[in-house]
Amino acid sequence: MVFAKRLREGVRSGKITCTIRIWKRLHVSVGGRYRMDEGEIEVDSITPIGFPDITPELARESGFTGVLDLLKIAKHGSGDRIYLIRFHYVPPRRRATKQSAK
């Protein structure tokens, strides 16, 4: 799942925890983890919704200024199915450093 650059910091900080996607078919699954620049997104839930369900509040929760701003980004190709996807950010694991033997 790819997020517009302007949304990525909000996702990493936990401010953005949902997204609206308009697809022909689902591209993610509940419990699935999807790479982001740093870390991953883990999908918590997927709910099919309709256009009337896309409120200004939901648009803001998704990181957009309003419904029109969201719809410009949410539609992918000729998709006609609308999904509300809730997720949480999983930060990258720290790599264990090898300590040299003395």
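FYI, it's all coordinate maths here, none of it is from the lab. Computed from a predicted structure; not experimentally measured. Please note: Cβ atoms are built from the backbone with ideal geometry, for glycine as well, and neighbour counts cover all protein chains shown.
Compute the signed sum of charges (Lys and Arg +1, Asp and Glu -1) over the other residues within less than 11 Å, Cβ to Cβ, of VAL67.
Details: positive: ARG60, LYS72; negative: ASP53, GLU57, ASP69.
Around VAL67, the charge tally is -1.
In debye to the nearest 20, how big a dipole does the chain give about its Cα centre with +1 on each Lys and Arg Cβ and -1 on each Asp and Glu Cβ?
Numbers: 20 positive and 11 negative charges, 138 e Å.
The dipole of the chain has a size of about 660 debye.
What list do you get for ARG25, ARG86, ARG6 if you sort them by fewest beta carbons within 10 Å? Mind dumping the intermediate values first?
Details: ARG25 7, ARG86 14, ARG6 10.
Ascending Cβ contact count within 10 Å gives the list ARG25, ARG6, ARG86.
With P(r) over Cα pairs in 5 Å bins from 0, in percent defined as stated, name the option among (i) 2, 14, 19, 19, 16, 11, 9, 5, 2, 1, 1, 0; (ii) 2, 12, 22, 23, 18, 8, 3, 3, 3, 2, 2, 1, 0, 0; (iii) 3, 14, 25, 29, 19, 8, 2, 0 computed from the structure displayed.
Of the listed options (i) 2, 14, 19, 19, 16, 11, 9, 5, 2, 1, 1, 0; (ii) 2, 12, 22, 23, 18, 8, 3, 3, 3, 2, 2, 1, 0, 0; (iii) 3, 14, 25, 29, 19, 8, 2, 0, (ii) comes from this structure.
I'd like the antiparallel share, as a percent to the nearest 5, of DSSP beta bridges with both residues in the chain.
Values: 18 of 19 bridges.
If I count the DSSP bridges inside the chain, around 95 percent turn out antiparallel.
Counting Lys +1, Arg +1, Asp -1, Glu -1, what net charge surrounds VAL11 among other residues with beta carbon under 15 Å of its beta carbon? The partial results should precede the final answer.
Details: positive: LYS5, ARG6, ARG8, ARG12, LYS15, ARG21, ARG33, ARG35, ARG60, ARG86; negative: GLU9, ASP37, GLU38, GLU40, GLU42, ASP44, GLU61.
That sum, taken over residues with Cβ under 15 Å, equals +3.
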